[in-house]
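Notes follow the structure.
The values are calculated or read from the model by the stated rules, or taken from the named source; none is laboratory data. On a predicted model such as this, the values are computed, not experimentally measured, just so you know. Using ideal geometry, Cβ is built from the backbone for each residue, glycine included, and neighbour counts are taken over all protein chains shown. For accessibility, only protein heavy atoms count, side chains too; no ligands or nucleic acids. Shrake-Rupley method; radii C 1.70, N 1.55, O 1.52, S 1.80 Å.
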Amino acid sequence: MPKIEPRILKGTRDFLPPTMILRQHVIDTLRRTFERFGFEPLDTPAIEYAETFEGKSDAEVDKLIYRFTDQGGRRVALRYELNVALARVAAQYQNELVFPFKRYQMGPVWRADKPQKGRYREFWQCDVDIVGSKSMLADAEVLAVVYYALRNLGFQKFLIRLNDRKILSGLGQAAGVPAERTAGLYRAIDKLGRDGAEEVRRLLLEEGLSPLQAGRLLAMVQTAGEGPEVLAELRGWFAQVPIGLEGVAEMEDLLRHLAMLNVPASYYRLDLSMVRGLGYYTGPIFETTVDEPAIGSISGGGRYDGMVGLFGPEMPATGVSLGLERIVDVITELGLLQLPRTVVQALVAVFDPAHVGVSLQLAQELRHAGVRAEVYLDATAGLARQFRYADRKGVPFVLVVGPDELVAGTVTVKDMRNGKQYSIPRKDIAVFFEGIA
């Protein structure tokens, strides 16, 4: 057969062991954090009926869905996010689940997107969601999870930006913008941080707003100050706008609960120009960003009370997704974690073919003691070659048992990190590794 060129699709990646060690460390840290808040694991199929995902957001998102007809003539799709599948699960298993249902799910999703830095066609999402609670305490809990998860991963500088879809609706009404123009309005103000006020003003005028409406709206979204101060000012603007007042009340509750959960106020900020998920978010919305590197958001979410009702009974829901890929990229670029290049803690060398059994027995003793041990697989290789193997792989310790060690009842241990060598009694070898395993 002709040789096949080894390659993968653009926007997908292979993860070699050093990268997988970091990814698994991040996943394990997130899992521990999620479970400390009482979230339970859930998994769903990578492939589902296409109708499950179609029409759950705006038209632009629908274009990113990988869909096809399978051999049975069924229209199917790869999942493009995890919370739509959660909504299906909540409706399908409503009599088996206990509500409020707090779940976390981590796994790959697929989007037919244009690959660029921090954006891939196959990537992992790490989600926490609560289904069945209208309380802003639920929204505060998922935000607290984001804060503590990132802090547990070593992040020092990040900001959780907060807004509310009801506040956004109120802003449009208070500025006198007709309902049919609000979509363009939101798209315009979302560009404030990137393009500046004058460009947003120009876009608002293009959307048909009068100079007075555009100026009033810009003044609203640029309101500065602490969260409570901004909300107090919004109450004045929304005196005749009930939907806006609902959003203000939700945000006041959310900020109060965040303080009770000991999330420092320096890590979150009310940002009236922040827009997310116009197609399905119904209340608070949130997004976490880092200044360095310039990689975009590393988490995002909000309240989506209408999603479960698309599959069954109406149920309130809120949640957040942390992007594993971008989190890993930030950790790597900033050097936040120094992890080993291999999972192997000890290489048991083989002195010669006659001592294979001795090496295998020692490796088993280490494994039973919780040490991740590897035996070199070529009994005819000299020790020098085995030491080079350990050095290239990053194995911290090499253990040797030859004729002299057998007579003395010892194990020679070489620390590959500093070149030091020890002679350890065979009976104490597991104790030697206790502080390492």
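Identify all residues within region 203-227 that are loosely packed, with under 13 Cβ neighbours inside 10 Å and farther than 16 Å from residue 192 by Cα; write none if there are none. Full working, then the answer.
Applying the first criterion (loosely packed, with under 13 Cβ neighbours inside 10 Å) to region 203-227 yields 206, 211-212, 219, 224-226.
Listed by number, the residues that qualify are 211, 212, 225, 226.
Return a yes/no flag: does region 189-202 have any residue that is open to solvent by less than 10 Å² (accessible area, probe 1.4 Å), small (Gly, Ala, Ser) and modelled with pLDDT under 85. Quick ask: steps written out before the conclusion?
First, pick out the residues of region 189-202 that are open to solvent by less than 10 Å² (accessible area, probe 1.4 Å): 189, 200.
Those still in the list that are small (Gly, Ala, Ser) too: none.
Checked against the condition, which is being open to solvent by less than 10 Å² (accessible area, probe 1.4 Å), small (Gly, Ala, Ser) and modelled with pLDDT under 85, region 189-202 yields no hits at all.
To keep it simple, each residue is scored yes or no on (1) free of Cβ contacts under 8 Å to residues at least 12 places away in the same chain; (2) open to solvent by less than 50 Å² (accessible area, probe 1.4 Å); (3) touching a helix residue (DSSP H, G or I) at 6+ places or on another chain (Cβ under 9 Å).
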residue: 38; (1), (2), (3): no, yes, yes
residue: 68; (1), (2), (3): yes, no, yes
residue: 73; (1), (2), (3): yes, no, no
residue: 83; (1), (2), (3): no, yes, no
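Note down all Cβ pairs under 9 Å where the first residue falls in region 331-342 and is within 14 Å of residue 23 (Cβ to Cβ) and among the basic types (Lys, Arg), the second is modelled with pLDDT of 90 or more and open to solvent by 60 Å² or more (accessible area, probe 1.4 Å), and they're at least six residues apart or on different chains.
Here the result reads 341/17; 341/18; 341/393, each pair linking region 331-342 to a residue that is modelled with pLDDT of 90 or more and open to solvent by 60 Å² or more (accessible area, probe 1.4 Å).
Identify, from the list 221, 263, 177, 200, the residue that is aliphatic (A, V, I, L, M) and either closer than 18 Å to residue 140 by Cβ or out of contact with any Leu (no Cβ under 7 Å at 6 or more places or on another chain) (or both).
Details: 221 fails: either closer than 18 Å to residue 140 by Cβ or out of contact with any Leu (no Cβ under 7 Å at 6 or more places or on another chain) (or both); 177 fails: either closer than 18 Å to residue 140 by Cβ or out of contact with any Leu (no Cβ under 7 Å at 6 or more places or on another chain) (or both); 200 fails: either closer than 18 Å to residue 140 by Cβ or out of contact with any Leu (no Cβ under 7 Å at 6 or more places or on another chain) (or both).
Checking each option against the conditions leaves just 263.
How about region 252-271: which of its residues are touching a helix residue (DSSP H, G or I) at 6+ places or on another chain (Cβ under 6 Å) and buried (at least 22 other Cβ atoms within 10 Å of the Cβ)?
Correct list: 254, 258, 270.
What residue, among those in region 40-66 that are among the β-branched types (Val, Ile, Thr) and open to solvent by less than 40 Å² (accessible area, probe 1.4 Å), is nearest to residue 130 (Cα to Cα)?
Among those residues, the one meeting the criterion is 44.
How many residues does region 121-140 hold that are open to solvent by less than 40 Å² (accessible area, probe 1.4 Å) and either within 30 Å of residue 214 (Cα to Cα) or in contact with a Gly (Cβ under 9 Å, 6 or more places away or on another chain) (or both)?
We begin by selecting, within region 121-140, every residue open to solvent by less than 40 Å² (accessible area, probe 1.4 Å); these are 123, 125-133, 136, 138-140.
In the following step, the residues that additionally are either within 30 Å of residue 214 (Cα to Cα) or in contact with a Gly (Cβ under 9 Å, 6 or more places away or on another chain) (or both) were identified as 123, 125-131, 136, 138-139.
Count: 11.
So which residues in region 228-251 are open to solvent by less than 10 Å² (accessible area, probe 1.4 Å) and not hydrophobic (A, V, I, L, M, F, W, C)?
Result: 244, 247.
Name the strands (runs of 3 or more DSSP E) wholly inside region 329-437 in which the number of residues that are over 30 Å from residue 150 (Cα atoms) and under 43 Å from the mean Cα position of the chain (by Cα) is 3 or more.
Because the criterion is at least 3 residues that are over 30 Å from residue 150 (Cα atoms) and under 43 Å from the mean Cα position of the chain (by Cα), the strands (runs of 3 or more DSSP E) in region 329-437 that meet it are 346-348, 373-375, 397-400, 410-415.
Would you confirm, using the coordinates I've provided, whether residue 323 is without any contact (Cβ under 8 Å) to a residue 24 or more places away in the chain, open to solvent by less than 50 Å² (accessible area, probe 1.4 Å) and not basic (Lys, Arg)? Don't jump to the end; show me each part of the working.
Values: without any contact (Cβ under 8 Å) to a residue 24 or more places away in the chain: no; open to solvent by less than 50 Å² (accessible area, probe 1.4 Å): yes; not basic (Lys, Arg): yes.
No: the conditions fail for residue 323.
Checking the structure you have, find out if any residue of region 97-111 is at pLDDT below 95, open to solvent by 40 Å² or more (accessible area, probe 1.4 Å) and either within 21 Å of the chain's Cα centre (by Cα) or of a type outside the set (Val, Ile, Thr) (or both). Outline the logic, then answer.
The initial filter retains those residues of region 97-111 that are at pLDDT below 95, namely 111.
Next, from what is left, pick out any that are open to solvent by 40 Å² or more (accessible area, probe 1.4 Å): 111.
So of that shortlist, the ones also either within 21 Å of the chain's Cα centre (by Cα) or of a type outside the set (Val, Ile, Thr) (or both) come out as 111.
Yes, some residue in region 97-111 is at pLDDT below 95, open to solvent by 40 Å² or more (accessible area, probe 1.4 Å) and either within 21 Å of the chain's Cα centre (by Cα) or of a type outside the set (Val, Ile, Thr) (or both).
From 409, 370, grab the single residue that is modelled with pLDDT under 95 and either buried (at least 17 other Cβ atoms within 10 Å of the Cβ) or of a type in the set (Gly, Ala, Ser) (or both). Let's see the steps before the verdict.
Details: 409 fails: modelled with pLDDT under 95.
After ruling out the rest, the residue left standing is 370.
What are the residues in region 185-214 that are part of a helix (DSSP H, G or I), small (Gly, Ala, Ser) and in contact with a helix residue (DSSP H, G or I) (Cβ under 8 Å, 6 or more places away or on another chain), if any? I'd like the intermediate steps shown before the answer.
Our first condition is that a residue be part of a helix (DSSP H, G or I); within region 185-214, this holds for 185-189, 192-195, 197-206, 211-214.
If we keep only those that are small (Gly, Ala, Ser) too, we end up with 188, 193, 197, 214.
Scanning region 185-214 gives 188, 197, 214.
Out of (1) buried (at least 18 other Cβ atoms within 10 Å of the Cβ); (2) touching a Lys or Arg at 6+ places or on another chain (Cβ under 9 Å); (3) within 30 Å of residue 99 (Cβ to Cβ), what's the single condition that is false for residue 346?
In the conditions (1) buried (at least 18 other Cβ atoms within 10 Å of the Cβ); (2) touching a Lys or Arg at 6+ places or on another chain (Cβ under 9 Å); (3) within 30 Å of residue 99 (Cβ to Cβ), residue 346 misses (3) alone.
Applying the selection to region 146-161, what residues are surrounded by fewer than 24 Cβ atoms within 10 Å (Cβ to Cβ) and in contact with a strand residue (DSSP E or B) (Cβ under 9 Å, 6 or more places away or on another chain)? Outline the logic, then answer.
Within region 146-161, the subset surrounded by fewer than 24 Cβ atoms within 10 Å (Cβ to Cβ) is 147-148, 151-161.
Result: 147, 155, 158, 159, 160, 161.
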